[in-house]
Each structure stands twice: as structure tokens, then as C-alpha cells.
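See structure below.
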Amino acid sequence: MVESKGLLNPGAADVSIDRFTIGLDDLVRHVWVVRWDVPAGQVRRQRVLTYPACNIVVSPDGAALYGPDPSVSVRELSGRSWVVGVLMRPAAARALTGTDPGRLVAASEPMPDAPVTAIRAAMHDGRPVGELLHDWLEPVSRQVDASGRLVNTVCRLAEDRDDVIKVEDLARLVATTPRNLGRIVKYHTGLTPKWLIECRRLQQAAMTLYTRPDTDLATLAVGLGYADQAHFTRRYHQVLDETPDRTRRVGRSHGTA
């Protein structure tokens, strides 16, 4: 199963998440399918810090393209339903829409060409949706050019390399200047290279505190490259809208430790 660090509080018993790949690696990172059946009168809050890329989200009501959000988003699930999502690569926004990626940050727009009817029928019947999505997006994947593949590489390095602490570190890895790196990343994602690095650090911090609540904050902050615990705590609260101690309490209450 494909792993993801974007969901900050996984593990609700009545919410199932399946992730899988469909190829098209220049365009698509993976597909995620969420099904839930929440008891009447209850709500499951899913806290998500999105990767620096768009998601196509198909629900029983239609389809939309969601841009990355540089702050935590909360999705409340109730009743019984499903969602099919496609986490795109950073290069995908330019291939999927004529809207400037900067205008999609923390925003969304309809996707009228999505095969919603076919996906809805497949979900109702319990059939796989991967082939439907592949056939729809395969022509789009051919539009990803060398610049798009470069920004995909940049974002992967920012996510995977714990030794990338500064924008200069990231620029050095792809043999360019920080200024040029900023231009490329902004053009394709609407975000900054600095955010690519901080997104990784905060996703890692949130998952660590949720699954291992006894982790020492000062040690975690230094290990993630923050100047000190106070700076880490301040940024954590600003972006994730809760304190590190709150995340630890929720982790303990859910029995993840």
C-alpha cells in the first residue's frame, strides 16, 4: 500500500483509506480512495496538510481540482459515503488547467471533464477505478515537459532529504540558483521552495507526535532543523492550528502510542 504523510490523524475505525498507483509517474503520485460509515450523530475530523501539488477529488456530487494549501485543512466526515482522489505531481497543474497555479493555492475549481458517472457506478458496484482514471489522464500526462519533470524532482528531494534545511541546499542539489529555483517552483505550484521544506518538516513532526506522543519536543525541533523549540512550536501552531501538546494528547487518546 502506498504511504502518505499528509493525513495527520489516521486510524479511525469507521474510515477506510486505500492508496494505489496507476502509472503516469510524471503526472500522478497516487490515487486515494476513502470510504466511511460513521454512526448517526457522530463526525470524524480528518486533518490534512497537503503535499505541494493539486488533488483531483471525485465524490458522488461531482469533481473538482483542489490546489495545495499551506495550512492544515479539516474535513468532517459523517454518514456513509466515499471520495476518490488523485494526488498529482507538482508539474500537473499546468497540464490540467489554464488557471495560474498561484490562484489555486488554498482554492479549487470544477473539473467538468472528469468521468464522474463512470467512477460513481464503479464505486457503487465495488469495481476498481484505477483503469478509468488512467485512461482519462494518460493524454494529459504527455503534456508534462522538462521543466515540469524538474519541479517534480525538486519537490521529491525536498520531501525525501532530511539534510535539506535551507533553500540553498535544495538549489545546490539541482545545480541552480535559489532565485531560479524559486521561479520554477512558483510557476508550477504557486508555492515557494521554503514551503516545500517546511511542509516535509511539519508533516513529519505531526505524525511523530501523534504516533509517538512521548517524543521530546526540543529534540524533535533540533532534528527537524528548527532554531529552537520555541520557533518550532510557533510555526507548528501557525500552520497546523494546534499546539504540539494538543497533537500529543489526541495521539494518546486514540491509543497510538
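The values are calculated or read from the model by the stated rules, or taken from the named source; none is laboratory data. Since the model is a prediction, treat every value here as computed from it, not as a measurement. So basically every Cβ, Gly included, is an ideal-geometry build from the backbone, and we count neighbours across all protein chains shown. Note: accessible area is taken over every heavy atom of the protein model, side chains too, but ligands, DNA and RNA are not part of it. Shrake-Rupley method; radii C 1.70, N 1.55, O 1.52, S 1.80 Å.
For an R0 of 41 angstrom, estimate the FRET efficiency from the Cβ-Cβ distance between R161 and H254 and round to the nearest 0.05. Walk me through the numbers before you get to the answer.
Numbers: r = 30 Å, r/R0 = 0.74.
It comes to 0.85.
Is any helix in the chain, taking whole DSSP H runs, at least 18 angstrom long along its axis by alpha carbon and on average at least 0.0 on the Kyte-Doolittle scale, and which ones?
Details: long enough: 146-160 (21 Å, 0.05); 193-211 (28 Å, -0.25).
Span-like helices in the chain: 146-160.
Using 1/(1 + (r/R0)^6) with R0 = 35 angstrom and r between the beta carbons of D245 and K186, what's the FRET efficiency to the nearest 0.05?
Details: r = 35 Å, r/R0 = 0.99.
Between D245 and K186 the formula returns 0.50.
I'd like to check one number: the per residue accessible area of the chain, probe 1.4 Å, reported in Å² as a whole number. Mind dumping the intermediate values first?
Details: 12550 Å² over 257 residues.
For the chain, the per-residue accessible area is 49 Å².
Across region 56-66, in residue order, what do the Karplus-derived ³J(HN,Hα) couplings come to in whole Hz, using 6.51 cos²θ - 1.76 cosθ + 1.60 with θ = phi - 60° and x for Gly and Pro?
The phi angles translate into 8, 10, 10, 10, x, 8, x, 9, 8, 9, 9 Hz.
When the accessible area of the chain is computed with all protein chains present and a 1.4 Å probe, what percentage of it is carbon and sulfur? Before the final figure, lay out the partial values.
Numbers: 6190 of 12550 Å².
Carbon and sulfur atoms account for 49 percent of the accessible area of the chain.
Between T153, T117, T247, which gets the highest mean-square fluctuation from a Gaussian network model of the chain, Cα cutoff 10 Å?
Sorting by GNM fluctuation, first place goes to T117.
Could you report the accessible area of T192 in Å², rounded to 10, computed with a 1.4 Å probe on the protein chains as they sit in the structure?
60
How much solvent-accessible surface does W82 expose, in Å² to the nearest 10, with a 1.4 Å probe and all protein chains in place?
We get 30 Å² for W82.
Looking at the square roots a ≥ b ≥ c of the eigenvalues of the Cα gyration tensor of the chain, which shape do they give, rounded for a/c under 1.5, prolate if a/b is larger than b/c, or oblate? Intermediate values should be presented prior to the final figure.
Details: a/c = 2.10, a/b = 1.09, b/c = 1.93.
Oblate shape, in that a/c is at least 1.5 and b/c is the bigger or equal ratio.
Which value, in debye to the nearest 20, describes the size of the charge dipole of the chain about its Cα centre when Lys and Arg Cβ atoms bear +1, Asp and Glu Cβ atoms bear -1, and nothing else is charged? Please list the in-between numbers first.
Numbers: 33 positive and 30 negative charges, 104 e Å.
That gives a dipole near 500 debye.
Considering only protein heavy atoms, what is the solvent-accessible area of D160 at a probe of 1.4 Å, reported in Å² to the nearest 10?
Accessible area of D160: about 90 Å².
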